[in-house]
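Student: Dropping the structure in here first, questions after.
The values are calculated or read from the model by the stated rules, or taken from the named source; none is laboratory data. Everything numeric here is computed off the predicted structure, so don't read it as measured data. Cβ placement follows ideal geometry from the backbone for every residue including glycine, while neighbour counts extend to all protein chains displayed.
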Amino acid sequence: MTRPSGLQGISSPVASSGQRPWRGAALVAAALAATLGLSACVPVLLGGAMVGGALAATDRRTAGTQIEDQSIEFKAASRLRELLGDRAHINAVSYNRTVLLTGEVGSEADKASAEQSVGRVDNVRGVVNELAVMGPTSLTSRANDGVLATKVKATFVDAGQLSANAFKVSAERGTIYLMGRVTEREASQATELARSVSGVQRVVRVFEIISEAELAAMRPQSAAPAATPAPAPAPAR
């Protein structure tokens, strides 16, 4: 596993007690998409179809990096299909050019090969390899994971304590993976909120930790009030 400098990875198991039923916002479209068989580890972004420009503006990556991450995910998926074909079920999620691999492979050799192949994709700066050596999960299990990721993201929105768009949330076999450029405070809050969602078995944090000062510098500054124009001179008499 190659992890770039400054990236934090913590696995946090969740006890069965203390979880709460989900009371999140109604995200019917996202949940329905998950049940129709979309990959569970596709990151969940709330309201993207409605406010895509606003989401991009509040993302803590530059616009160029967001496009680069999309390109990395496409290239990684293509390479993994060529390398392993139907022998594996792998999801590759890129955030700030760090790629998270989740899913199932048939052997330790396949797991290592997948990491090496993705690590050679242009502009990738690190790979976090969370692949499990086991048989592939069922479509039902993947659909359930998609719904679970949606519930976690909605919990972030409902809590009102976090900038939900700063996080990429994905799920695999009941484990929630959190990615983003966040402060220690935000990382702790997000972890506790994710752990509180019914159905979450474990939380894995793949964060790039920034300081509170760096966060403040990212926030748009309030526009200065416009100066009151000087009164026009009185006409000469």
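Student: For the range 66-105, what are the residues that are at pLDDT below 95 and basic (Lys, Arg)?
Tutor: ARG87, the sole residue that qualifies.
Student: Shifting gears a bit: Can you find a residue that is over 13 Å from the mean Cα position of the chain (by Cα), surrounded by fewer than 17 Cβ atoms within 10 Å (Cβ to Cβ), small (Gly, Ala, Ser) and more than 16 Å from ASN96 (Cβ to Cβ) anywhere in the range 182-191?
Tutor: Yes, some residue in the range 182-191 is over 13 Å from the mean Cα position of the chain (by Cα), surrounded by fewer than 17 Cβ atoms within 10 Å (Cβ to Cβ), small (Gly, Ala, Ser) and more than 16 Å from ASN96 (Cβ to Cβ).
Student: I would also like to ask the following. Out of everything in the range 60-88 that is touching a residue at least 12 places away in the same chain (Cβ under 8 Å) and of a type in the set (D, E, K, R), what residue ends up being farthest from VAL118 (Cα to Cα)?
Tutor: Here the answer is ARG60.
Student: In the range 127-180, which residues are of a type in the set (Ser, Thr, Tyr) and either under 13 Å from GLY103 (Cα atoms) or part of a loop (DSSP other than H, G, I, E, B) (or both)?
Tutor: THR137, SER138, SER141, SER163, SER170, THR175, TYR177
Student: Taking into account only those residues within the range 98-126 that are in a helix (DSSP H, G or I) and among the charged types (D, E, K, R), which is farthest from GLU68 (Cα to Cα)?
Tutor: By that ranking, first place goes to GLU108.
Student: Give ALA166, ALA132, ALA171 a once-over and let me know the one that is at pLDDT 95 or above, of a type in the set (A, V, I, L, M, F, W, C), closer than 17 Å to VAL206 by Cβ and buried (at least 24 other Cβ atoms within 10 Å of the Cβ).
Tutor: Being at pLDDT 95 or above, of a type in the set (A, V, I, L, M, F, W, C), closer than 17 Å to VAL206 by Cβ and buried (at least 24 other Cβ atoms within 10 Å of the Cβ) holds for just one of ALA166, ALA132, ALA171, which is ALA171.
Student: Taking the conditions exactly as written (within 17 Å of PHE207 (Cβ to Cβ), modelled with pLDDT of 95 or more and more than 13 Å from the chain's Cα centre (by Cα)), does GLY126 satisfy them or not?
Tutor: yes
Student: What do you reckon, is LYS168 among the basic types (Lys, Arg), within 13 Å of the chain's Cα centre (by Cα) and more than 27 Å from LEU80 (Cα to Cα)?
Tutor: no
Student: Just need a number here: residues in the range 70-97 that are crowded, with 23+ Cβ neighbours inside 10 Å, under 13 Å from the mean Cα position of the chain (by Cα) and either part of a helix (DSSP H, G or I) or aliphatic (A, V, I, L, M) (or both).
Tutor: Here the count works out to 2.
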